[in-house]
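Trainee: I'd like to ask some things about the structure below.
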Amino acid sequence: MLRFNIVLREAGIEPSTVRLLRHQPILPNGIALIDQFHRDRVKLLAWQSVQSVKRRPHLSARYWTAFVGTPDGRSILEGVYEVVAREEVQQVSEDPLTGQLNPAGTCDRYTLAPIEQFELYSGRLMIDWGRGASGRRAWIQRADNQDKPITAILERPFEQPFPGYLAFRHTIGGLNLLSPNWAEALRRAKGVYLLSCPATGMLYTGSATGADGFWGRWQEYFLTGHGGNLGLVGHDTSKFAVTILQVSSSTETAEDIIADEQVWKTKLLSREFGLNRN
């Protein structure tokens, strides 16, 4: 079986000088790291470069090999880095991805230089990280003690597969955290959607008829909070869940889609008991 330490040695890197890092799939604020890899890898590296001073003994090595976990349990290579320098952060700092404030003196900032030979495999090479106390729960490991099996090398970087339009569900406030391929899928489709308030259960039925489909329409809610709909003014729609009720065919006009929207308003009683005002 092909193992990761073979790849390290082929690149002239001795496994005893390497620490393996596996980041959890989703941060507390809902960011999926594999999506962040595709959206803004520079910001991902800035996040990864700041570590608690308590981890200093475990991270002390010449090289870091970083893997990103996925929601379905895979471990995908993000990059291999040489640790060029480390400095203790002497002032309050903000986490680049979560916005959490780190008190002065509690974090180290590492300068990480990517090893170019491995960039070809970023997002493509998968390993079996393992389970149990020495596997899933230990996110920093020594490469010489843990020779990980390589389970796949993909033709193109891994992205979470789009779940399908009718299975899609997300919050308005979290739309810009989605994978770029999900956003593209939502741009390609038009139709009827539903907003639901998690606190009250009240519903709003709407339609997407513009050039950017569902994505373009929902961005209006993301930016304004109400998208021009009087029934939504004054509500915190960032917490509303958005789902798709109906995907329109390419032959349907905007008028057809709006007519479908009216049918769904009647079915769901979103005028009588919801947030629709027409």
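The values are calculated or read from the model by the stated rules, or taken from the named source; none is laboratory data. Bear in mind that the values here come from a model prediction, so they are computed numbers and not experimental data. Counting neighbours? That spans all protein chains shown, and the Cβs are built from the backbone with ideal geometry, glycine included. Ligands, DNA and RNA are excluded from the accessible area calculation, which covers all protein heavy atoms including side chains. Shrake-Rupley method; radii C 1.70, N 1.55, O 1.52, S 1.80 Å.
Trainee: Classify the range 3-43: rounded, prolate or oblate, from the alpha-carbon gyration tensor (a ≥ b ≥ c, eigenvalue square roots; a/c under 1.5 rounded; otherwise prolate if a/b is larger than b/c)?
Mentor: The shape class here is prolate.
Trainee: Round to a whole angstrom and tell me the spacing of the C-alpha centers of the range 29-60 and the range 111-126.
Mentor: Taking the Cα centre of the range 111-126 as reference, the centre of the range 29-60 is 15 Å away.
Trainee: Please give the Cα centre distance for the range 137-155 versus the range 234-256, rounded to the nearest Å.
Mentor: Cα centroid to Cα centroid, the span is 42 Å.
Trainee: Follow-up. Which cross-chain or sequence-distant (5 or more) residues have an amide H under 5 Å from the amide H of Ala241, H modelled 1.01 Å from N in plane?
Mentor: For Ala241, whose amide H was placed from the backbone, the distant partners under 5 Å are Ser196.
Trainee: Sticking with this structure for a sec: What do you reckon, how do Val84, Val50 stack up by accessible area (1.4 Å probe), largest on top?
Mentor: These residues rank, largest area first, as Val84, Val50.
Trainee: Rounded if a/c is under 1.5, else prolate if a/b beats b/c, else oblate: with a ≥ b ≥ c from the C-alpha gyration tensor eigenvalues square-rooted, which is the range 60-200?
Mentor: Verdict is oblate for the range 60-200.
Trainee: Moving on to the next point. Calculate the dipole size of the range 88-203 relative to its Cα centre from +1 charges on Lys and Arg beta carbons and -1 charges on Asp and Glu beta carbons; express the result in debye to the nearest 20.
Mentor: For the range 88-203, the charge dipole is close to 600 debye.
Trainee: Measuring with a 1.4 Å probe in the full set of protein chains, what accessible area per residue, in whole Å², belongs to the chain?
Mentor: On a per-residue basis, the chain sits at 50 Å².
Trainee: Give me the one-decimal Kirkwood hydrodynamic radius in Å for the chain, with the sum taken over alpha-carbon pairs.
Mentor: Evaluated on the chain, it is 21.3 Å.
Trainee: Order these peptides, 169-181, 187-199, by their mean beta-carbon neighbour count within 10 angstrom, highest first.
Mentor: 187-199, 169-181
Trainee: Roughly to the nearest percent, how much of the accessible area of the range 138-278 is carbon and sulfur, given a 1.4 Å probe?
Mentor: 55 percent
Trainee: Under unit Cβ charges (Lys, Arg +1; Asp, Glu -1), what dipole magnitude, rounded to 20 debye, does the chain have relative to its Cα centre?
Mentor: It comes to approximately 760 debye.
Trainee: Something else now. May I ask for the Rg/Rh ratio of the range 1-101, computed from Cα atoms with Rh as the Kirkwood radius, given to two decimals?
Mentor: Radius of gyration over Kirkwood radius for the range 1-101 works out to 0.98.
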